[in-house]
Amino acid sequence: MSGEAGEGDGSAARIPAAAPGATKATTDRARPACAPDVVHGRTGSKKADSGGPGRRTMLLNLGPQHPAMHGTLRNVLELDGERIVRANPEIGFLHTGFEKLGEHMSYNQWVTLSDRMNYLSPLNNNIGYAVACNELFGIEFPPRASCILTIMGELSRIADHIICVGLMAMDMGAFSVMLWTFVEREKLYDIFEAVTGQRMMTSYTRVGGVFRDAPPEFPAMVRNFCSKLPSVLDEIEYMLNRNPIWLGRTRGIGVITREDAIEYSLSGPVARASGLARDVRKDRPYLIYRELDFDIVTDTAGDCFARYKVRMGEMRQSLRIIEQALDRLPSGPVKVDDHKISLPPKHLVYTDMEALIHHFKNIMPGHGPRTDRGEIYSCTESPNGELGFFLVSDGTGVPYRLRVRPPSFYNYQIFPKAVEGLMISDAVAVLASLNVIAGELDR
């Protein structure tokens, strides 16, 4: 898909065949409205910082419908031949207004919108939002719900990481790896469906718990998956770690220093691959992570290969977490025992007047769980990094303000700097290693 952008003939006007759908700007085309800082770089202009007087640059629209853009992302690349002088990203093509909608929906209703942000790991969005709501309400998950959510969150992390590795490999030409990773994700989707009733848009959490308990076969399904995944990860590494094409396309490409990771507020595998050992599960434990033993996977190279290695290591750490959580899985309720917050059992709704009233007050428009006025910022470790929620309550059944801190938005900031001076095809590798999700970016 991405192709190899060679530079042997020095042609300044060649566009690699590997960029289907990309179009170059010509001298008679108006500059893109999104790229005021690139206007002097269009074909026919002279730029001293692009190789000296007389050197001409051109613009290339990479996206928003390019298959390697991992979503509706547009990048206006200023090129000197096939080398990137600067990149100007444009976002907002997938803007949905999720945050504004949160001001008109009850706390539980907004769970369904959290699925649509990072649609590769919607469970982690559900968990992050529910943790934030619990902090605002001053309540905690029951022990069984905390354990189930820890397991489901780590399974969802594996689903996200393994697809990220597979799609990154596909962009570099290793198509078989992508097929292997999709097989594993389908196995995970079977587990998600058994627990939540949905394969993708799970909408599993509620304020104070989850909407239903895990089925009896849940531990066996999870253990069966975890027992077979290590051999798949070994196969992926065997296929890629000694592949000269893969190594040439990822090592030393898109280097992000530790200082840049801090300056740009990067998080997740992108920051840890640059030597920044920060993980919200360790630094601000939630659910049952405080009780579990696992390592923060880091690297110091900061390139595409390091980000791939960190994700591979994190999947193995997730297996450690899941095994420990399964051993600790208790019995008991999965919702808080406060029917002003959680729905009463259905059989009581039909037989008990008080339960019927609680059900009505939780469900009917204009009602729902309420909390005293206040505001909180809460964060969890999603597969892409720190996923934060800023919630403000005015005492009604809907948030006064709901603000999301999405890791993709912050991680994407480094893209222009990471690709500067690289070839066109390298931009595809860098973007794949950042794992930017457009739904989370624009929300």
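Laboratory data are not the source of any read-out in this text; all were calculated from the coordinates shown. A quick note: this is a predicted structure, and the numbers were derived from the prediction, not measured. Here the Cβ positions follow ideal geometry from the backbone for every residue, glycine too, while neighbour counts run over all protein chains shown.
Tabulated values for the structure
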item: Cα-centre dipole for the range 292-443 with unit charges at Cβ (Lys and Arg positive, Asp and Glu negative), debye to 20; result: 340 debye
item: Prolate/oblate/rounded call for the range 348-443, Cα gyration tensor, a/c under 1.5 rounded; result: prolate
item: Gain on full stretching of the segment that runs from Thr300 to Asp338 - 0.36 nm per residue minus C-alpha separation; result: 8.9 nm
item: Hydrodynamic radius (Kirkwood) for the range 387-443, which is based on Cα pairs only, to one decimal in Å; result: 13.4 Å
item: Theoretical ellipticity at 222 nm over the chain - DSSP helices of four or more residues, -39500 (n - 2.57) apiece, nearest 500; result: -12500 deg cm²/dmol
item: Ranked packing of 291-298, 386-393, most packed first, by mean Cβ within 10 Å; result: 386-393, 291-298
item: Simple label model, 7 Å out from Cα along Cβ direction - Thr257 to Glu186, nm; result: 4.6 nm
item: 0 to 90° range, to nearest 10: angle between helix 304-327 axis and the chain longest Cα axis; result: 10 degrees
item: Total charge dipole magnitude, the chain, about the Cα centre, Cβ charges on Lys, Arg, Asp, Glu only, Debye to nearest 20; result: 720 debye
item: All aspartates and glutamates inside 13 Å of Lys335 as judged from Cα atoms, apart from same-chain residues fewer than 8 positions distant; result: Glu140, Asp213
item: Normalised contact order of the chain, rounded percent, pairs of Cα under 8 Å and 6 or more residues apart; result: 22 percent
item: Alpha-carbon Rg/Rh ratio, for the chain, with Rh computed the Kirkwood way; result: 1.02
item: Distant-in-sequence amide H partners of Gly275 (H built 1.01 Å from N, under 5 Å); result: Asp299
item: Cα shape, the range 150-213, gyration tensor, a/c 1.5 rule; result: prolate
